[in-house]
């Protein structure tokens, strides 16, 4: 099985964040809020019975209309989190949310693929209460996310 550490090795958002001169504090907040947004959306869609839609997004297959819809919702979730839980300017958040989420999801999918999860089930499990919640407590998420970007 894989975990957040495997994903962190595959995601480097430094290029996106450096374009906007974001410091370490903002980078850490973006990391945390990206993970929180994915965890929130995966859990919410699972509870709605839409687990398959999210798995499509997490799979190695080309995104279909449903997966693209979930990705747009994730971008909105990330923007909402950053606007309400950080001091970042809303204009910057709106400019980076799509790039950040796309790159984060690509890294997560690549990490899962290397561990044999091409259909997205492992990522779905991890982000909807599986490995992620067992391996990370709220108090140490910042230290677990260091290096992600």
In the set 73, 103, 113, which member is within 19 Å of residue 16 (Cα to Cα) and assigned to a helix (DSSP H, G or I)? 103
Criterion first (closer than 15 Å to residue 124 by Cα and surrounded by fewer than 20 Cβ atoms within 10 Å (Cβ to Cβ)) does residue 21 satisfy it? no
When the residues of region 46-59 are filtered to those that are over 27 Å from residue 22 (Cβ atoms) and touching a residue at least 60 places away in the same chain (Cβ under 8 Å), which remaining residue is surrounded by the most Cβ atoms within 10 Å (Cβ to Cβ)? 54
Yes/no for residue 87 being in a loop (DSSP other than H, G, I, E, B), modelled with pLDDT under 90 and either on the phi > 0 side of the Ramachandran plot or surrounded by fewer than 21 Cβ atoms within 10 Å (Cβ to Cβ) (or both): yes
Scan region 7-49 residue by residue and report those that are outside any helix (DSSP H, G or I) and modelled with pLDDT of 90 or more. 48, 49
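The values are calculated or read from the model by the stated rules, or taken from the named source; none is laboratory data. These numbers were taken from a predicted model, which means no experiment stands behind them. All Cβ positions, glycine included, derive from the backbone under ideal geometry; neighbour counts span all protein chains shown.
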